[in-house]
Each structure stands twice: as C-alpha cells, then as structure tokens.
Amino acid sequence: MTRLTRFLPTLLSLAGLAGLTSPAAFAQGGAAASAPFPSKAITIVVGSSPGSTTDGLARAIGAEITAATKVPVVVENKAGASGGIAAQSVARAAPDGYTLFITTNTTQAANPHLFRKLAYDPVKDFAPVGALVKGYLLLVTNPRIPARNVTELSAIARKQQLTFGAGSSSARVAAELFQQMTQTQLTYVPYKANPQAMVDLVGGQVDLMIVDLTTSLPQVKAGKLKALGVSSPRRSPLVPELPTIAEAGLPGYEISYWNAVYAPAGTPAPVVERINALMLKAMTAEPVKRFVEQNGMEPFTSSPSELASFQAAEYKRWGAVIKTAGIQPE
C-alpha cells in the first residue's frame, strides 16, 4: 500500500468538508445539497398600509429583487400598533430568509420607549440585514388653520386647543418635540397608519401633522393641505421654496426617520449576507433611486453589523427624545 493510498480516505473526507465551505455552499446557508437562495417566493412585511413611504420603498425594492433572481416578492401590509403587529409577525416567522421586515425607527428604536409592553423584542427577535434610507417630515395643517408659518401656528396653539394625528412613532414624536420646543399642548389623536390620519387631516377631523413627504406632499400640491416647513437640516429639493421648520420660526428643530431590512433572529449568516447583497443592488437601480429622490429621502445603506451598531445608537437617541418630550409609555 502506497502512502497516497493509506491517506486517501482522509483526503476524501477533507475534500468533502471543503465542499461544504465552498462559496456556492456558503451562499446556500452551508447545505451543499439545498437549493440556492432564493429558490421560492419572498414575503416582505411592512407595518403600514398601502401608500405609505415604507410600503412604496418595499415594493420598489421587491420588484428589483424579482428582476435579479426571477423569484416573486410579495409585500404584505400589517398596519397597527405602530408597526408592532408586523414586527411580531416577522419575529415568529421561520428564520430562513423568506420572510423579511422592511421597517423604520418606529419599531426598532422608538416603540420600546412608548409602550410598557411589546409583543416583540427589537433586538433579540431580529437579525439585522441592512439600512436603506433616511427621510424627513413635513409640517402640514388643514387649510382652515390660519397660520402662515411656524411662529403663527405656535401662537394659535397657545390660544386654542389644536389636535394632531399620528400613525407612527416618528410622526408622534415629531409633534411631541414641536410641543416641547414651542411650549404648547396639542391633543394627540392616534391612528393605525399615517395615510389614515392624513384622510382625517384633509377632512378637518384633526388640525395638523408632522409626517413623511410621501404621505403629505401630494395633498399639499393638490391644495388640500398647507405646508409650513420640513424637518430636515436643509431645504428639500422637492419643495425648495418651503423653509425648514428651524428657518420658519423654531431654531434647532430637526427630526428624521430611517428604513432598514431585518430577518427573523436565527436566520443563517450566509442567507443574511445574500439578502444584503440583493438589497444593495436594488438600491442602485434607477426606479428605486427615483422613488427615494421623489419622496425626499436619502440613500443610507449598510452592512448587517453596521445596522446593528446604528440601531443601538438610535435606541438611545429616540429614548432620550421621548423622555425629554415627557411622553409616558402606554
């Protein structure tokens, strides 16, 4: 027996192990015999109703993933509980990469400070995949409110009781911060999602909102709402004639939201990396870039580990804003 013959079983065994750690097997979650990811339909869950910014972004990205992989991507809307219903749904899904969560700072950073009890854990129940965008908000009022700028709105709010609608933590905290900085008291009217609140704002059931441009700007352009300022540090290219809220009478006011992708906790790292790569590619596609630009957002992409670090910092930041605003957990 030659030396090669004696060591042949060992060599064959090592070759088998190498096959399991090859790039192809790695992309399949470590199982050489399994189908490459993705091999079946992917469901993207969003915690808002159709027509919201997150919903539109998810659909734009889903279309690009389908184009790249030939695999269907279904967007499932689960509005309610400030995104908590959707978050709980994804947290309980199989950790195989076929159920994803495109969400905002509402579920992952703000809700833990707004609710005494959550049906999900924003850290333990999810595997971060990657950040997508940052966006800003628009301060809008029903036209019957005679304020022409932020200073006049503040003066009116001190003399009469105004109401604000909010269907997300971002919209609520933005208004709460406004109250704190203007030393006014508005009445909070909760909604399952911002588009529903927008309907009532147009109808005059509530007086004002500070909400994403996707939801509010079309109503402003149609003359159904009046815009007083944007929450960004600089004027928005979508409405360059409109001042920032800081410019319009409230120096120092600034607030933003962000969208990111998560998978259920326990999703294999190779699958998470594969999803991240698909998302990053989708973000460079012209339809997605156009959607981001048209909705007053900025690309803000990351790796899974970068998103985890960013979320930890945002958890502290939103907690501080909510505590300073004096909001008591419900």
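The values are calculated or read from the model by the stated rules, or taken from the named source; none is laboratory data. Keep in mind it's a predicted model, so treat the numbers as computed, not measured. All Cβ positions, even for glycine, are placed from backbone atoms using ideal geometry, and neighbour counts span all protein chains on display. Heads up: the accessible areas ignore ligands, DNA and RNA and are worked out on the full protein's heavy atoms, side chains in. Shrake-Rupley method; radii C 1.70, N 1.55, O 1.52, S 1.80 Å.
3J(HN,Hα) along the stretch 255-271: 7, 9, 10, 9, 10, 8, 10, 10, 10, x, 4, x, 4, x, 3, x, 5 Hz, from the Karplus curve 6.51 cos²θ - 1.76 cosθ + 1.60 with θ = phi - 60°, whole Hz, x for Gly and Pro. Around the Cα centre of the chain, unit charges on the Cβ atoms of Lys, Arg, Asp and Glu (plus for the first two, minus for the last two) sum to a dipole of about 240 debye.
Taking all protein chains in place and a 1.4 Å probe, what share, in percent, of the accessible surface of the chain do carbon and sulfur account for? On the chain, the fraction of accessible area on carbon and sulfur atoms equals 57 percent. Between amide H atoms placed 1.01 Å from N, distances below 5 Å from Gly229 occur with Leu139, all of them 5 or more places distant or on a separate chain. Counting only alpha carbon atoms, the long axis of helix 150-159 and the longest principal axis of the chain meet at about 60°.
Calculated [222 nm] ellipticity per residue, helices only, for the chain: -13000 deg cm²/dmol; basis is -39500 (n - 2.57) per DSSP H run with n ≥ 4, divided by all residues, nearest 500. Here the stretch 36-118 is described by how far its Cα atoms reach on the three principal axes: 42, 27, 16 Å, from widest to narrowest. Is the stretch 210-330 rounded, prolate or oblate when judged by the Cα gyration tensor, a ≥ b ≥ c being the square roots of its eigenvalues, rounded requiring a/c under 1.5 and prolate requiring a/b larger than b/c? Oblate shape, in that a/c is at least 1.5 and b/c is the bigger or equal ratio. Listed peptides 103-113, 253-263, 149-159, 234-244 appear in the order 103-113, 253-263, 149-159, 234-244 once ranked by packing, highest mean of other Cβ atoms within 10 Å at the front. At an R0 of 41 angstrom, the distance between the Cβ atoms of Lys289 and Asp200 translates into a FRET efficiency of 0.80.
Simple spin-label estimate for Lys224 and Ala265 gives 4.2 nm between the two label positions (7 Å along the Cα-to-Cβ direction from each Cα). Say we join alpha carbon atoms closer than 10 Å with springs in a Gaussian network model of the chain; which of Ala222, Ala248, Ala93 then has the biggest fluctuation? Fluctuation is largest for Ala222.
Residue by residue, the stretch 211-217 carries 3J(HN,Hα) couplings of 9, 4, 5, 4, 6, 9, 4 Hz when phi is fed to the Karplus relation 6.51 cos²θ - 1.76 cosθ + 1.60 (θ = phi - 60°); x denotes Gly or Pro. Angle of helix 304-324 to the longest C-alpha principal axis of the chain, folded into 0 to 90 degrees and rounded to 10: 30°.
Could you work out the relative contact order of the chain? I mean the mean sequence separation of Cα pairs under 8 Å and 6+ apart, divided by the number of residues, in percent.
Working: 650 pairs, mean separation 84.9, N = 330.
Answer for the chain is 26 percent.
Candidates Trp318, Ile275, Ile255 compared by Cα position along the dipole of the chain: farthest toward the positive end lies Ile275, with charges placed on Cβ. Label point of Val123 set 7 angstrom out along Cα-Cβ; within the stretch 288-330, amide nitrogens under 20 Å from it belong to 303-324, 329.
Applied to the stretch 230-245, the Karplus parametrisation 6.51 cos²θ - 1.76 cosθ + 1.60 on θ = phi - 60° returns per-residue 3J(HN,Hα) values of 10, 8, 7, x, 10, 4, 7, x, 6, 9, x, 7, 8, x, 6, 4 Hz, with x for Gly and Pro. Straightening the chain between Arg116 and Thr69 buys 12.8 nm, computed as 0.36 nm per residue apart minus the Cα-Cα spacing.
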